[in-house]
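The values are calculated or read from the model by the stated rules, or taken from the named source; none is laboratory data. All of these numbers come straight from a predicted model, not from anything done at the bench. When we count neighbours, we look across all protein chains shown, and the Cβ atoms used for this are built from the backbone with ideal geometry, even at glycine. To get the accessible areas, we keep the full protein, side chains included, count just its heavy atoms, and leave off ligands, DNA and RNA. Shrake-Rupley method; radii C 1.70, N 1.55, O 1.52, S 1.80 Å.
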Amino acid sequence: MAVDRGRIYSKPHRLEQLGAFCHAARLGSFAQAAEHLALSQGAVALQVRELENELEARLFERSSRGVRLTAAGEAFHALASPLVEGAEGLLEAVAGEFEAAVMERVDIAASVAAAVVLPPYVKRFRDCYPGVRIRVRNRVLREGLKLLRAGEVEFVLGAREPLEGLSLEYREMLSYDIVLITARDHPLAGRATVTREEAAQWPAIVPPAGSYSRQSDETAAREFGVDAKAVVEVGDWGVIKRYVERGIGVCVVPSLCIHPTDQLSVIPLKKRFKPRSFGVYARRGKALSTSARRLFELLVPGYAQSGGGGTR
């Protein structure tokens, strides 16, 4: 490929030209390259044509089925592709570093229950503080508390459990009950309560062993006997509810995972289980960042007035 070097000169959109060429070569189509780059097909074809004119070489064989590299195109692609990939990777890395530099972040950990409890609070927080990013690490409670003690997260959301030592404190957000859910046409549906023996007669849906959902209230499900006749192990609470709605089985779940749109019959088990508490764990005497404190005060109104919520 003999090239008149006098014809090669710097252009402000050289990277765009090379990107159009490399993506067209990778995808075998100007149209697909245009879609990937959010350009028109004509713009991609023009950028490739300009390269061909400068190099005085045909880079693609064009047909109704797409485009295919010529021998000259393959040689040029071998040189241009690492440059384009490196430039695009650099821009992504720089963008990520820039975002991290200008956007404050709140790191928290949360049990599976937070998938139901947390979103409305996050929406309110984001409406007020759109420049703050929230990173939620999904962990069972004991793992979340390890992260908290290590200073890797600012606070943890989860069900109340006895705390060891005085390094952590717990603030309640809400209380919830353990309930039995069935399909609306199930023989147990509509009951004010059921016994353990009655529930244990029916097939059950349970989360997979070791999952966050299973560990969250595994003791209650096992105590009430529904695990004994498990016929399906599947997903999280959202997926489990869909199986129960179809009448495949029953399940013992925390009431906080029930949504008004669920097509379920919810049977209280208050005679068997006392109300449980869901809330926020924080390090005692450790000041929160300003953004973390603001989120904490949305979750637990009055937290700052009660003596918590110092900032750093």
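Using the Cα gyration tensor of the range 126-188, with a ≥ b ≥ c the square roots of its eigenvalues, what is the shape: rounded (a/c below 1.5), prolate (a/b larger than b/c) or oblate (neither)?
Oblate shape, in that a/c is at least 1.5 and b/c is the bigger or equal ratio.
Using mean Cβ contacts within 10 Å as the protection proxy, how do 158-166, 240-248 order, highest first?
240-248, 158-166
Give, in nm to one decimal, the length gained when the segment between ARG137 and ARG62 is fully stretched (0.36 nm per residue of separation minus the Cα-Cα distance).
Value of the extension gain: 22.0 nm.
Among 15-22, 181-188, what's the highest-first ranking by average C-beta atoms within 10 angstrom per residue?
Going by the mean number of other Cβ atoms within 10 Å, highest first, we get 15-22, 181-188.
Based on the alpha-carbon gyration tensor of the range 40-194 and its eigenvalue square roots a ≥ b ≥ c, which shape applies: rounded if a/c is under 1.5, prolate if not and a/b is larger than b/c, or oblate?
Note, shape of the range 40-194 comes out prolate.
Structure shown: which of LYS146/LYS274; LYS123/LYS241; LYS123/LYS229; LYS241/LYS274; LYS123/LYS271 lie over 30 Å apart, alpha-carbon to alpha-carbon?
On the way: LYS146/LYS274 27 Å; LYS123/LYS241 24 Å; LYS123/LYS229 39 Å; LYS241/LYS274 23 Å; LYS123/LYS271 36 Å.
LYS123/LYS229; LYS123/LYS271, as the Cα separations exceed 30 Å there.
Considering only protein heavy atoms, with the full assembly of protein chains and a 1.4 angstrom probe, order ARG49, ARG276 by accessible area, largest first.
Working: ARG49 100, ARG276 75 Å².
Ranked from most to least accessible, the order is ARG49, ARG276.
Could you calculate the contour length gain from ARG49 to GLU85, that is, 0.36 nm times the residue separation minus the distance between their Cα atoms, to one decimal place in nm?
10.9 nm
Where a ≥ b ≥ c are the square roots of the eigenvalues of the C-alpha gyration tensor, would you call the range 229-273 rounded, which needs a/c under 1.5, or, failing that, prolate if a/b is larger than b/c, or oblate?
It is oblate, given that a/c is not under 1.5 and a/b is not larger than b/c.
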